[in-house]
Structures are given as structure tokens and as C-alpha cells.
Amino acid sequence: MTQKFTLVTGAAGFIGSRVCQQLISEGRPVIALDCFLPNLYSNEIKRLRWDKLDASNLIKIEFDLRIDDFSRLLEFEIDSIINEAAMPGLMSNWSQFSPYYECNISALNRLLEFSRRINIRSFVQASTSSVYGKQAIGSESQELNPTSPYGVSKLAAEKLLLAYNEWYGTPVKILRYFSVYGPHQRPDMAYSKIITSLINGTEFNVYGDGEQRRSNTYIDDIVAATLLAEEKAPIRSILNISGDETITLNRAIEILEDLSGRKLKRIFSPSRTGDQRDTSGFNSRAKELLNWNAEVSIEDGLRNQLRAHLDLSNN
């Protein structure tokens, strides 16, 4: 019997690597792709994640969705795609839009074209709460008004996916992730930076007053929702994947200070253009359609993230 693979893009990333690990643990054949995009943080971290992906039911391919030839993947029977590849992060200058266009729109277009050449049952797209704009509070029906290059490009990606479904029947499913955190979080993200500053005794730059609020979603909960969506979500569904707790940045700092027994050296700067002020995602549709729940509390999640960071620092 021919093996049917799940293709995971961005497989060396924070979320993509964990998606691969879970699929592998379930005994599902996986093709993992990554191009080790250097824009945001050191490729050394991605290489460490990549090297840890190792199993008999796994095929790893260094592959750039923007330029590489998809024909080399036709030898495999791929029946599902989970697209975690993206250029994330906040850039203050709109003249730096090119990487967002190339990675989040053009590369997706090429991946969708490839999907037309094979018989897939599911195409899961990792999207973001940034499509809502500065205030991401409410259900999937709230107004879409992104204010950052990342948010604009990811909203364009959503529209592209829905157009491919309309024209070609591509079985697209869109997940809007809210503030993913946990062990081995990207080093450019706030909680990673706070933990690093606490451990090293260095300053942490708070943009604004620190009262900006986030719906935080633990990495294991994100992975669980993603794989449930791959199996259960209706085609064309758009789902908020968010934790049930919403806290301020200042409160997250207090929790990490208590857990570490150290005080953070804070410096304050003006808010950054395009930054979200408040996110509080309503996740009732994901709960209903996927039979999913956010299981990990913010305190437990931050404790796990701090412990993993300390373990890595001591090795």
C-alpha cells in the first residue's frame, strides 16, 4: 500500500517543528520542508529543531517555496498540506514589505498551484489574529483591518486561499492563531525576550505602558487544534485558535518574575506603529467544530517555557 504523506512547510519553525513531532508520534508519514529563512533570528535555532526531527516515517527536504521546483515532490503521494511557512514579525517600515509579499503571498500561490497537481483532502493554513488589526477582540466575524505588513500579507493570503477554493475546489481551512507561546518560542517574541532578560540581568524594552492585553495560546494547544482542523474542520472554515485567558504584558512579567525569583529591568519606549493593543479571541467555533479546548493555563505555560529556557541555558 502506497504511503500517504502530510506535507508540513516551515517545519524548522517554532510551530511547524512541533506539528511534525506530533504527526510523527502518531505514526503518520510526514514530509517536512523548510528554507531556513534568516530574516528574523539565527538559523542555528532552526537547525537545532530540524536536527531533532528524526523518524523512519519522516522525510526532510530543504526547500524554498518561493523559487524551488515542486516537481521534485511529485514522487510522493501527498494527501494533506499544513502550511506553517511564513515571514512573521512586526516591521516598523512599510518599505520592508517585500519579504512579507514573497513569503506569505507569492510562496503560498506556488504551493496552491502545486496542490492542484495532486489529490489532497485538506489544506490547512496558519493565519493570525493580526488580520483583525489593533483590536482583535471577538469572533471570526469581526472587522478585518490589519495595520502591519504581516497582517496585511496574511489577510491577502486568506483571500487567495478562498479564491482557490472557489475556482478549483482546493479544500482550504484557515486558522487564526493568537499569540503562541511555550517552550522554544521564537527568540524575537516578547516572552522569550523577557525570560532572556531575567536570566541575563539585562534590560527589557516595554513598548507603551505594558497594559496591552493578549489572548495567549500554548504551543501544545495550537498543535492539537491544527491537527484536529486537518481532520475535522469544514472546507472554507475560518477559526480563531486562542487560549481562554487574556492578560496584560505587565501581568505576564509579574508571573515570570515570581517564577524565576528575579526582577526585570524594564525600560519604556513609545508604542510601535502597527502593534496590536488588545487581543481577546472568541474560540467557540473551534471548540464546537473541532471538539477542542485550550488546556494549558498561562501560569503553567510560562512555567514550562521558563524551565525549557533554563534547561537549554544549562546545557
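The values are calculated or read from the model by the stated rules, or taken from the named source; none is laboratory data. All values reported here derive from a predicted model rather than from experimental measurement. Please note: Cβ atoms are built from the backbone with ideal geometry, for glycine as well, and neighbour counts cover all protein chains shown. For accessibility, only protein heavy atoms count, side chains too; no ligands or nucleic acids. Shrake-Rupley method; radii C 1.70, N 1.55, O 1.52, S 1.80 Å.
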* Asked: Dipole magnitude of the chain about its Cα centre, charges +1 at Lys/Arg Cβ and -1 at Asp/Glu Cβ only, in debye to the nearest 20?
  -> 280 debye
* To do: Take the alpha carbon atoms of the stretch 134-179, find their radius of gyration, then divide it by 2.2 N^0.38 Å using N residues; give the quotient.
  => 1.26
* Asked: Mind checking the log10 I(q)/I(0) for the stretch 191-311 at q = 0.10, 0.14 Å⁻¹? Debye, one equal scatterer per Cα, no solvent, two decimals.
  -> -0.37, -0.68
* Taking all pairs of different Cα atoms in the stretch 2-72, averaging 1/r and flipping that mean, what Kirkwood radius in angstroms comes out? -> 12.4 Å
* Structure fact -> Whole-number value, in Å³ per residue, for the convex hull of the alpha carbons of the stretch 152-245 is 123 Å³
* Asked: Mind checking which of R262, R121, R303 has the largest fluctuation in a GNM of the chain, springs on alpha carbons under 10 Å?
  -> R262
* To do: Could you pull out every residue, at least 5 positions away or on a different chain, whose amide H is within less than 5 Å of the one on S280? Hs are placed 1.01 Å off N in the peptide plane, and Pro or chain starts have none.
  => A136, I137, G138, S215
* Inter-probe distance in nm under a simple model that places probes 7 Å from Cα toward Cβ, at K52 and A308 -> 0.7 nm
* What are the GluC sites (Glu not before Pro) within the stretch 160-251 that DSSP puts in a loop, where the Cβ has at most 15 other Cβ atoms within 10 Å? -> E211
* Structure fact -> Between the modelled labels at N291 and I235 (7 Å from Cα along Cα→Cβ) the distance in nm is 2.3 nm
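Suppose all protein chains stay in the model; what accessible area per residue would a 1.4 Å probe give for the stretch 57-144, in Å²?
Per-residue accessible area for the stretch 57-144 comes out at 44 Å².
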* To do: State the antiparallel share, in %, of DSSP beta bridges confined to the chain, rounding to the nearest 5.
  => 5 percent
* Under the Karplus curve 6.51 cos²θ - 1.76 cosθ + 1.60, θ = phi - 60°, whole-Hz ³J(HN,Hα) for the stretch 270-283, x wherever Gly or Pro sits -> x, 4, 8, 4, x, 5, 6, 7, 9, 10, 8, x, 7, 10
* Structure fact -> For the pair S284 and R117, the simple spin-label estimate (label points 7 Å beyond Cα toward Cβ) gives in nm 4.4 nm
* Accessible carbon and sulfur surface of the chain relative to its total accessible area, %, 1.4 Å -> 47 percent
* Asked: Percentage of Cα-Cα pair distances in the stretch 251-315 greater than 15 Å, rounded to whole percent?
  -> 71 percent
* Out of residues 5 or more away from I247 or on other chains, whose amide H comes under 5 Å of its own, with H placed 1.01 Å from N in the peptide plane? -> R214, N216
